[in-house]
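Heads up, the thing below is written out as structure tokens.
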Amino acid sequence: MKKILTLVCLCVFLAPVSQAQGNKAFNALKRIGQKAGESLSKVQQRAMAQVERVRAQHRGKVYSKREVFTKMPHALVQVIGMNQGGLRSTGFILEDFKHGRSRLWAVVPYHVGGGKGRSIRLRLLDAAGKIHNYDLKIAAGGGWGPNAIDASLVRLPKELAGKVTALRLAPEPARAGMNAFSFGYTVFHTEQLKPVALMRNIKNVTGFRMMGDYRFIEDPSGFCGSPVLDAEGYVLGVHSGTVGIESSMAVTADGIRQLIRAYDTGRGAMAVRVFGREAMQIETTESISSISLYRHGSWIYSVALNHLYTPFSYAHAEAAFGPIELRKGDTLVFHIVEHGTPTRSVSYTIPQ
């Protein structure tokens, strides 16, 4: 009995504990207890206590605030896009686990690093104060566009394990109203690899994008790719750019997870849904530039997604039309771009 319980607990610890995972652990413990002849109420109490212990331990702070400021220089990388004319930006070191084994990634902005197979140069500062230079390849890339995942992944050498600070993705998504902060390199601090901080308040989270305000004391050029962190030091997303003088945008942690999934499976197809029904599949390297509405064969309206005031969600494509009512029998034509180039169009008719 104890061995089985221990195995269940270990399985829970292998990944961030979401609500679904917590429920799965609860049900597993309940089934085991029922087989052992325990009463249901006793099993429920014991199972819930175990799940809460697991959640509490996992949600412990990755680093204290003092540790964050001390360790952050060793969690960042400077990115030099070899195919982008030497454009420089920030990136950060991320750790995840596959089959219980640790993997180190560098998360970099797609608009600097490029897509899969592109060459990239990384500079990083280890805990001993030594600067390392690596010429590597992009392992998994997103895309560029109003709803694309503006991030790419680089596998880091195993020799860096224990020498750098590795961040982890937040097990819970960002929410509007959350306070967050970032560390990154600006044009004034790139050579010395001295990071500066940015404070922000998250205003909107939709799909793979989140918007927020920001307070910067200097030119933010070069800050793209910096991690967006919550108060516990977990990664909520990756800074993608600024809009005007007060707004910033970032790719969510779910967008980074999608890139990892694409690397592991060899494909990154995602469903685009209209009123809950799947309308098409789109790859992580693609983006929807616009959607056209046709009714009874006649064009009614087109919406350019880069003109939307809020991020676009693949789960609710109908929201792009705002107050315009979509009807049964209407046809939507999705115009797709990849790496900024139009590639295809997909039609979807709303069922009668």
Heavy atoms of Thr349 accessible to a 1.4 Å probe, total area in Å² rounded to 10 | 70 Å²
With every protein chain in place, the accessible area of Arg175 for a 1.4 Å probe, in Å² rounded to the nearest 10, comes to 130 Å²
How much accessible area does Leu87 have with a 1.4 Å probe, in Å² rounded to the nearest 10?
-> 80 Å²
Report ³J(HN,Hα) in whole Hz for each residue of the range 88-94, in order, from the Karplus equation J = 6.51 cos²θ - 1.76 cosθ + 1.60 where θ = phi - 60°; Gly and Pro get x.
-> 10, 7, 9, x, 8, 8, 10
Once Thr341 and Glu232 are pulled to full extension, the length gained, defined as 0.36 nm per residue separation minus their Cα-Cα distance, is 35.3 nm
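Go ahead and run the numbers for FRET between Leu326 and Ala161, Cβ-Cβ distance against an R0 of 41 Å, rounding to 0.05. Could you put the intermediate results ahead of the total?
Values: r = 51 Å, r/R0 = 1.25.
FRET efficiency, Leu326 to Ala161: 0.20.
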Full extension between Glu283 and Asn306 adds, at 0.36 nm per residue less the Cα distance, a length in nm of 6.4 nm
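Take each of the peptides 276-282, 325-331, 161-167, average the number of other beta-carbon atoms within 10 Å over its residues, and list them starting from the highest. Display every interim value, and only then the final one.
Details: 276-282: 15.0, 325-331: 12.6, 161-167: 17.7.
Output ranking for 276-282, 325-331, 161-167: 161-167, 276-282, 325-331.
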For Val228, the residues 5 or more places away or on another chain with a placed amide H closer than 5 Å to its own amide H are Leu236, Gly237, Val238, His239
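Fully extended, how many nm does the chain gain between Arg295 and Arg257 (0.36 nm per residue separation, minus their Cα-Cα distance)? Display every interim value, and only then the final one.
Working: separation 38, 0.36 × 38 = 13.68 nm, distance 3.73 nm.
Contour length minus Cα-Cα distance gives 9.9 nm.
Using mean Cβ contacts within 10 Å as the protection proxy, how do 115-126, 294-305 order, highest first? Each step should come with its number before you reach the end.
Numbers: 115-126: 18.2, 294-305: 12.2.
Output ranking for 115-126, 294-305: 115-126, 294-305.
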Enumerate the residues in the range 247-277 having an amide nitrogen under 16 Å from the point lying 7 Å beyond the Cα of His316 toward its Cβ.
-> 272-277
Any idea of the accessible area per residue across the range 243-347, 1.4 Å probe, to the nearest Å²?
-> 52 Å²
Cα centroid of the range 77-124 to Cα centroid of the range 317-341, whole Å | 32 Å
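I'd like to check one number: the per residue accessible area of the range 84-145, probe 1.4 Å, reported in Å² as a whole number.
Numbers: 2700 Å² over 62 residues.
Result: 43 Å² of accessible area for each residue.
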Would you pull out the residues with amide H under 5 Å of Ala140's amide H, same chain only if 5 or more places away, H placed 1.01 Å from N?
-> Leu153
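For Val235, what charge total do you get from the other residues with a beta carbon under 12 Å from its beta carbon, if Lys and Arg give +1 and Asp and Glu give -1?
Taking every other residue near Val235 into account, the sum is -4.
May I ask for the net charge around Asn147, where only other residues with Cβ less than 15 Å from the Cβ of Asn147 are counted and Lys, Arg are +1 while Asp, Glu are -1?
Values: positive: Arg209, Arg273; negative: Asp150, Asp254, Glu283, Glu286, Glu318, Glu338.
Counting the neighbours of Asn147, the net charge comes to -4.
The values are calculated or read from the model by the stated rules, or taken from the named source; none is laboratory data. All figures in this text were calculated on a predicted structure; none of them were measured in a lab. When we count neighbours, we look across all protein chains shown, and the Cβ atoms used for this are built from the backbone with ideal geometry, even at glycine. Remember, those area values only see protein heavy atoms, side chains included, never the ligands or the DNA or RNA. Shrake-Rupley method; radii C 1.70, N 1.55, O 1.52, S 1.80 Å.
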